[in-house]
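The structure appears right after this line, and notes come after that.
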Protein chains: 4
Amino acid sequence: MTVRVAVAGASGYAGGELLRLLLGHPDVEIGALTAGGNAGTPLSQHQPHLVPLADRVLQDTTAAELAGHDVVFLALPHGKSAELAAQLGDDVLVIDCGADHRLTDAADWERWYGGEHAGSWPYGMPELPGARENLRDVKRVAVPGCFPTAASIALAPAFAAGIVEPDVVVVAATGTSGAGKSLKPNLLGSEVMGAASAYNVGGRHRHTPEIAQNLGKIAGTRVAVSFTPVLVPMPRGILATCTAPLKSTVDVRAVYEKAYADEPFLHLLPEGVWPTTAATLGSNALHVQAVADPDTNRLVVVAAVDNLTKGTAGAAVQSMNLALGLPETTGLSTVGVAP
Amino acid sequence: MTVRVAVAGASGYAGGELLRLLLGHPDVEIGALTAGGNAGTPLSQHQPHLVPLADRVLQDTTAAELAGHDVVFLALPHGKSAELAAQLGDDVLVIDCGADHRLTDAADWERWYGGEHAGSWPYGMPELPGARENLRDVKRVAVPGCFPTAASIALAPAFAAGIVEPDVVVVAATGTSGAGKSLKPNLLGSEVMGAASAYNVGGRHRHTPEIAQNLGKIAGTRVAVSFTPVLVPMPRGILATCTAPLKSTVDVRAVYEKAYADEPFLHLLPEGVWPTTAATLGSNALHVQAVADPDTNRLVVVAAVDNLTKGTAGAAVQSMNLALGLPETTGLSTVGVAP
Amino acid sequence: MTVRVAVAGASGYAGGELLRLLLGHPDVEIGALTAGGNAGTPLSQHQPHLVPLADRVLQDTTAAELAGHDVVFLALPHGKSAELAAQLGDDVLVIDCGADHRLTDAADWERWYGGEHAGSWPYGMPELPGARENLRDVKRVAVPGCFPTAASIALAPAFAAGIVEPDVVVVAATGTSGAGKSLKPNLLGSEVMGAASAYNVGGRHRHTPEIAQNLGKIAGTRVAVSFTPVLVPMPRGILATCTAPLKSTVDVRAVYEKAYADEPFLHLLPEGVWPTTAATLGSNALHVQAVADPDTNRLVVVAAVDNLTKGTAGAAVQSMNLALGLPETTGLSTVGVAP
Amino acid sequence: MTVRVAVAGASGYAGGELLRLLLGHPDVEIGALTAGGNAGTPLSQHQPHLVPLADRVLQDTTAAELAGHDVVFLALPHGKSAELAAQLGDDVLVIDCGADHRLTDAADWERWYGGEHAGSWPYGMPELPGARENLRDVKRVAVPGCFPTAASIALAPAFAAGIVEPDVVVVAATGTSGAGKSLKPNLLGSEVMGAASAYNVGGRHRHTPEIAQNLGKIAGTRVAVSFTPVLVPMPRGILATCTAPLKSTVDVRAVYEKAYADEPFLHLLPEGVWPTTAATLGSNALHVQAVADPDTNRLVVVAAVDNLTKGTAGAAVQSMNLALGLPETTGLSTVGVAP
């Protein structure tokens, strides 16, 4: 089986990572590559690491250019996906790496993003309880945000087992590629190297309602999420430190061992070993460790993930595999590039 | 006035930073420089940035070599300070950058460090309520740990104003120099670059009781401290994200403006601006921002500090100034080196 | 066809990269993994990114443990390969990532490494003129050094075309993994980040005679090689700037286009575009650009390569493929991981 | 003596470093701070590390705003200095950190920068033979480029002693701040970290004629300069590797010891020790080591310098001191910030 795939937004970081993974996928033929302002320029100018595609030129992101493919990946600024997807037809598998279709509550959308809610799509995080089945044979997928990937998978077992209070604190260190290729002074190399800095502090990051949505659905109640992202000097990677009060004394490790036992991309580390983002670079694995802190009666879970792979493009390919009926792990690896 | 100063542990990072600051201090003459295993080697081999001291050779760390100075700074492995200090005499100002004399509770010491408690010394964090006066004319100072510096100063105003519950979560990104020059595989550049990793998770870091001690003293009650350190790829700097439940709706900014108004080294940033460690490199300033998160009813405070300057050596010099009756800011700067 | 492969030195950087590539090789089954001082410890302690091998424990590096494999990769300290290879038998394909069998001249070996020369093996750089054929069906391969890979391939076309004088200057920036996992103070993250530093200056690096050997063989005369390595703050990657006087005015680009036309892993960049190591991370591609400087009448060639992939482990796998009669590119990719 | 100083271009990296140094200069009062597009914004938005100036707002860069100061530093895009300087009056000391007045040859200016040559000013590199005297009591100074600072000082002793041929190769690793705050994709942190990349290869960098001018003046003949800059992942620092053929066998160290003996900011390292940029961070020192390579009969000199301090702002302050008759080292330090 060979599916013909297009990527809209191919000059950005998510687009580049999609192409890196798709070049290694045995069932994929890469078709149209489109961009916004970069249309007409060679792909190699933006993605010099994609040598096999060095001769490609970026086309305009229009429905016409994207027509005629079995799968279309959208890596666009938010607010751009719904209209384009509508033009692509219901028989095309559309996988949106943007935020447009992640939130199920219209009021949440309006508060955090503004404008009219375009409706929610099946959510591409098969590791959440019951989620995998909902991705089979679908034609639309909303790929999760990178922080929600780390935080939700880290805390899902605890809420599923009912062992924590719905009052979580998440502080997540992130590499700079999470901010995309925006030409902002604070993202310049000179500013970033040697710098750890917090942003959108006080519950102002747009990934906050997505984390609350994921955990609230499992908990069956509203979960208060105090989320603070911290930019640190590395190109990729998220390390999320997540904590919540424990309801009682439990065997935390047993809870996590059971929850992750059959998950191909979730890697519970040996006891006493804590995750490092370096071990996840370029891989679709999410490394986790969890422990109870007896002095504060809190659960502390730390998750490491590559924001561009499992945090975006890897989840997109994983969702494609499920939607197409392919083995879920096709073209994806748990092996990172280190050091 | 010129005081003659010795530094024990001059080949390490804390020792090097002490010397950098002392070279710029107008009232100081640098005397003996001693080391443990590195005794007999040139200082320049370990501290090539200290050009004016390029001709110095490290001596043995013994009371004899350290005798005859007005001030002795100790930058030694923990457990080594008490005995040496006893041999130096009560008229010598001894400033210990190690942990030996920070904790006031002997049981805390035994639990977290082991061995017999050597007793506590005046604590070199003049910014805590009432602490400045306790440092004048003393002959012994325990320099605070780097994480406790960031977390305690960040949360002190909230506890002093009584606006938060005694249940805090602190997640602090730290540069690698906090671990010293230990030759451990996980501190190699190849491992560190591109890596964010948590360690001593679940309340196991030795700075935890020190934070709890500082905040508990202000709060007048036990404060639960969930503390997680995260190693990130930069040589210096700590960015501490600190949160606690708010007791009621308050004007957080007013609390912090008042608390820091007269502090020469505490810099409350303009509203909406969040700290970056890059702005504190080599300076004795601690940059802070605080905000209430209405969705979770939490206070979130972020503090940035150079772990080697205000976090160690700068606090040591600041304490020396107070102990000697010099202006507190002598030889110290709030200007960082950036980018 | 499935070949059973062992890796000696599996806890180091070269060993880890070999395993990363071998995990993606369709014709390989990974057998014994051995180590020196780390024997008995879990592989995951040293290579947390190799999730599929997380359960493996390192065995001792002995001929007995390595017996019974079709291919044995050696990633050992220099001087250790010859004796071990002799015990493995002539029918086993032994691929040595160390230096022992690279130099053809015994006097060179004695001068640069000391001790007795163990003899030279077929040299695993198929891109050199005539070299590919010499690797087919062999049972012993000496994998080139990382700097010689960049410098030799960069300058080979110029010497083969006879357009430059035999007097080259090579200055090569290198990431820290080139130094291995040695626990030296100057390799600590705190020292490395923010630091560019030269070492083995003045023609003292052991890769110098290897570069001279490769280029001299093509030139048919002794080539003077002034080589300076510069350590820069990144985990991987070599950027070699190579220059030599031009004999006359020539179309440099035509020379390079012709030389690299059929090479699967050599990527001559579009005119005006210069290599970056970031585009080669984890790939087996070597990116090159070349230009004439009319003011100095010099050729300047810049090559970027991942020192652990094409610079070591990738070349090893490429050589294995040739020696076994597999397609040369099996299990290897020209796609890098970026950003 | 207190001089009143203005800085034009205060929101950029050179401007920020000037202010950092001027804040520590005992004879300076900081007056007007001006900018181009950033006029009207708070300085703290661009230079959060300059805490004592946190209340300042940037004014427009006009002669009117800059009037009434004893010294005006210009950190402007090239081509902007001459007209502004003319309006400031001949009695004001104008120190230009830009390129406008460095080149003495009008044809060089037109070839490398384009437009009409504005004439040359006294060149602010007192370490060159005879240069110091030419800076006393002047009213105009052209501050050298950062690469020419490293390369010229590194090679000056060899040309002054007549021991090398006029055919030099310079390959210099540089931190990203040398490119300023330009919002270019290749300067984003995500692109820069993990990347070494060459640019302006083949003798196309504008600092090439400045190096040739400096060395040619000493040599008394045209010096061919093959110069390649390499961008590496650090905010600051230049490491220049410089080589030239030796005319005969000489005691290289003796030449350099003699040349640098009385220079306050030139630091010849102990034999066998090679420079690292990390030791120069924030300092005005230039660290050098030199050696003969007997195999190639070449001199190899390596110089490390902070591009923003001794490479720009430090040289500007050093020149100001000389022009004003102050001790040359006032407000400048040879102590770096490390690690």
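The values are calculated or read from the model by the stated rules, or taken from the named source; none is laboratory data. Note that the structure is a prediction, hence the values are computed from the model and not measured. So basically every Cβ, Gly included, is an ideal-geometry build from the backbone, and we count neighbours across all protein chains shown. Heavy atoms of the whole protein, side chains included, go into the accessibility calculation; ligands, DNA and RNA do not. Shrake-Rupley method; radii C 1.70, N 1.55, O 1.52, S 1.80 Å.
Here are the numbers for this structure:
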read-out	value
Shielding by other protein chains, D:221-233, mean Cβ within 10 Å	6
Chain B - percent of accessible surface contributed by carbon and sulfur, probe 1.4 Å	49
Antiparallel DSSP beta bridges within the range D:147-305, as percent of all bridges there, nearest 5	70
Selection of GluC sites (Glu not before Pro), the range A:238-339, meeting DSSP coil and at most 10 other Cβ within 10 Å	A:Glu271
Note, ³J(HN,Hα) from phi for the range C:330-339, Karplus 6.51, -1.76, 1.60, rounded to Hz, x at Gly and Pro	4, x, 10, 10, 9, 8, x, 9, 8, x
Cross-link partners of A:Lys247 among lysines (Cα-Cα below 21 Å; sequence separation of 8 or more within a chain)	A:Lys217, A:Lys258
Distant-in-sequence amide H partners of C:Lys247 (H built 1.01 Å from N, under 5 Å)	C:Val164, C:Glu165
Amide H within-cut-off set for A:Val72, under 5 Å, with H built and near neighbours excluded	A:Ala6, A:Leu93, A:Val94, A:Ile95
Label-zone membership for the range D:139-154, site D:Ala160, 7 angstrom Cα→C-beta point, backbone N under 16 Å	D:149-154
Solvent-accessible area buried by pairing A with B, both sides, nearest 100 square angstrom, 1.4 angstrom probe	3300
Calculated from backbone phi, Karplus (6.51, -1.76, 1.60) coupling profile of the range C:305-316 in Hz, x at Gly/Pro	7, 7, 4, 8, 8, 4, x, 8, 5, x, 4, 5
Three-way shape label, the range D:80-141, alpha-carbon gyration tensor, a/c 1.5	oblate
All lysines inside 26 Å of D:Lys80 as judged from Cα atoms, apart from same-chain residues fewer than 8 positions distant	A:Lys184, D:Lys139, D:Lys181, D:Lys184, D:Lys310
Full-stretch length increase - B:Ala67, B:Asp262 - with 0.36 nm per residue and alpha-carbon distance subtracted	66.5 nm
Degrees between helix B:13-23 axis and first principal axis of chain B (Cα, 0 to 90, nearest 10)	80
Inter-part distance where the range B:172-240 and the range B:22-56 are each reduced to a Cα centre, Å	28
Whole-Hz ³J(HN,Hα) from phi, Karplus 6.51 cos²θ - 1.76 cosθ + 1.60, for the range B:280-285, glycine and proline x	9, 4, x, 9, 9, 8
Selected from C:Asp262, C:Asp167, C:Asp70 as most flexible by GNM, with chain C as the system and alpha-carbon contacts under 10 Å	C:Asp262
Prolate/oblate/rounded label for the protein assembly as shown (Cα gyration tensor, a/c 1.5)	rounded
Candidates D:Ala54, D:Ala278, D:Ala160: whichever shows maximal mean-square fluctuation once chain D is modelled as a Gaussian network with Cα springs under 10 Å	D:Ala54
Angle in degrees between helix B:208-219 and the longest Cα principal axis of chain B, rounded to the nearest 10	60
Relative contact order of chain A, pairs being alpha-carbon contacts under 8 Å that are 6 or more residues apart, as %	18
Under 5 Å, built H, 5+ apart or other chain: amide partners of B:Met234	B:Thr176
Number of partner chain Cβ atoms within 10 Å, mean per residue of A:315-326	0
Cα→Cβ-extended label distance, 7 Å offset, between C:Arg253 and A:Asp55, nm	1.8
Top of B:Trp109, B:Trp274, B:Trp121 by mean-square fluctuation, Gaussian network on chain B, Cα under 10 Å	B:Trp274
Cα gyration tensor shape of the range A:106-165, rounded if a/c is under 1.5, else prolate or oblate by comparing a/b with b/c	oblate
Filtered GluC sites (Glu not before Pro), the range D:85-161: DSSP coil and at most 13 other beta carbons within 10 Å	D:Glu116
Nearest 10 degrees, 0 to 90: helix B:146-160 Cα axis against chain B principal axis	40
Peptide-level mean, for C:299-307, of C-beta atoms on other protein chains within 10 Å	3
Nearest-0.05 FRET efficiency for D:Asp167 and A:Arg4, computed from C-beta distance (R0 60 Å)	0.60
Surface per residue (accessible, 1.4 Å probe) for the range A:1-112, Å²	39
